[in-house]
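Here's the structure, in structure tokens; my notes come after.
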Amino acid sequence: MKPQLRPLLAELSAYLQEKAGAQREAAQRSGKPVFDFGIGDPREPTPAFIREALKAAIPEVSQYPSVAGLPVLRKAAAGYLKRRFGLAVDPDREIMPCQGAKEALFHLPLTAVSRERPICFFPDPAYPVYERAILFAGGEPRRMPLVEERTFLPDLDAVSADDWQRTALFFDNYPHNPTGAGAPREHHEKLAALAKEHGFLLVCDEPYVDLYVHEPPHSALQVARENVLIVHSLSKRSGMTGYRSGFMAGEPDLIAQLREARANFGVAPQTMVQQAAVAAWSDEAHVEERRRVFADKRALILAHLRKLGLAVGGEGAFYLWVHVPAGETSDSYAARLGSRGILAVPGPNFGPSGAGFIRLAMVPTIEDCKKAISVWPT
């Protein structure tokens, strides 16, 4: 008899990255040029000084890393928060390294969900890890629809006080993936006040705060500290998607509890990756260059989409959230683009509220963006 894994695995559709990877491989087999605006995995090289820091840190003797991370990494993360947001954070008591944002987000419901507090809210549309993390933790997932009429902000007033009292955590993500929408400080003020009043954990996933076009987005930790946890990543900021490196920041008591919980998971980053992360968090020049590159690609594609008469949302530099043409569905338009070698993600892949949209990630080089425009269907 074969072992039976959780029935949940059979109920879940293929993960977003797996779907996109299969689509890319099929397109490449055609032999035609492929312009992959699908998965947000930047093509720009990881800066050389980061790669050198990794190589220099490879130890002669490999030992288990501490779940708390290297003191020098916590100090570098705290330094980044001070420079970028003016936040004074204790590196020893308020910072926790993680293996990228996805890993941290997936494990958080395991530490928060209880019989008394099973509810976990997550945005719709959204990065798939939120809902799946809640399901694997045995929580009760609740969608918060993000619609254009509300500038892609959740309707917090639609939640009853009874449900707030049964809430374990609320996943928040601004600048938002996939819509690229930003959030005003008032949004986080209201959400943090609800978290404090009702005693749930507000998890603010902030991997795109450094990839902006106009004004730099704020961090939720600037608005409130109590019951708030922020999650940051080097994947897009520093071109380190394969390194799997990030950190969480929050109140000392919260971080202490997470440190104890995470010791059970065995997910401390490798020491050489931590040293590469020290270099990345300590430098802003490479981030300014990456921000400019993504903004240039965005401006190029955005101008073309507007020529075609397509409405586009999103403030961030990395994603464009595109209304499909009249008479098309998300899937049909994505398929029509795919026939020209232009890969995009249909909006419903991020949740039901994504119907009528596609997402474009500013991943191809600027030259490939120009080539994609030349074959774009009208």
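The values are calculated or read from the model by the stated rules, or taken from the named source; none is laboratory data. These numbers come from a predicted model, not from an experiment. Positions of Cβ are backbone-derived with ideal geometry, glycine not excepted, and every protein chain shown enters the neighbour counts. Note: accessible area is taken over every heavy atom of the protein model, side chains too, but ligands, DNA and RNA are not part of it. Shrake-Rupley method; radii C 1.70, N 1.55, O 1.52, S 1.80 Å.
Take every DSSP beta bridge whose two residues both sit in the chain; close to 50 percent of them are antiparallel. Beta bridges from DSSP with both residues in region 141-256: antiparallel share about 35 percent, rounded to the nearest 5. Ranked by the mean number of other Cβ atoms within 10 Å per residue, highest first, peptides 154-160, 261-267, 102-108 order as 102-108, 261-267, 154-160.
Dividing the summed helix terms, -39500 (n - 2.57) for each DSSP H run of n ≥ 4, by the number of residues in the chain produces a 222 nm estimate of -12000 deg cm²/dmol to the nearest 500.
In the chain, a dipole from Cβ-located charges (positive for Lys and Arg, negative for Asp and Glu) runs towards its positive end, and of PHE200, LEU108, HIS286 it is HIS286 whose Cα lies farthest in that direction. Ordering ALA263, ALA372, MET248 by the projection of their Cα atoms onto the charge dipole of the chain, which places +1 on the Cβ of Lys and Arg and -1 on the Cβ of Asp and Glu, puts ALA372 at the extreme positive end. Expressed in units of 2.2 N^0.38 Å, where N is the residue count, the Cα radius of gyration of region 182-273 is 1.20. Tell me the per residue accessible area of region 56-188 using a 1.4 Å probe; a whole number in Å² is fine. Accessible area per residue: 43 Å².
Normalised by the number of residues in region 182-269, the average gap of Cα pairs under 8 Å and 6 or more apart makes the relative contact order 24 percent. Going by accessible surface with a 1.4 Å probe and the largest first, ILE366, ILE358 read ILE366, ILE358. For region 123-195, the dipole from Cβ point charges (+1 on Lys and Arg, -1 on Asp and Glu) about the Cα centre works out to 220 debye, to the nearest 20.
The share of accessible area on the chain that comes from carbon and sulfur is 52 percent, using a 1.4 angstrom probe. Highest mean packing comes first when the peptides 45-54, 117-126 are listed by Cβ atoms within 10 Å, giving 117-126, 45-54.
Selection among ALA317, ALA335, GLN274 by position relative to the dipole of region 267-361 gives ALA335 as farthest towards the positive end (Cβ unit charges, Cα centre). Sorting the segments 195-201, 359-365 by their mean number of nearby beta carbons within 10 angstrom, highest to lowest, gives 359-365, 195-201. Dividing the C-alpha radius of gyration of the chain by 2.2 N^0.38 Å, with N its residue count, gives 0.98.
Gyration tensor over the Cα atoms of region 79-155: the corresponding equivalent ellipsoid has semi-axes (square roots of 5 times the eigenvalues, largest first) of 26, 20, 11 Å.
Summing Cβ point charges (Lys, Arg +1; Asp, Glu -1) relative to the Cα centre of the chain gives a dipole of roughly 1080 debye. Full extension of the chain segment joining HIS304 with GLN257 gains 12.0 nm, where the gain is 0.36 nm per residue of separation less the Cα-Cα distance.
Each Cα pair under 8 Å and six or more residues apart adds its separation to the average, and for the chain the resulting relative contact order is 24 percent. Accessible surface calculations at 1.4 Å, restricted to protein heavy atoms, place region 224-378 at 37 Å² per residue. Each Lys and Arg Cβ is given +1 and each Asp and Glu Cβ -1; about its Cα centre, region 226-277 then shows a dipole of about 360 debye.
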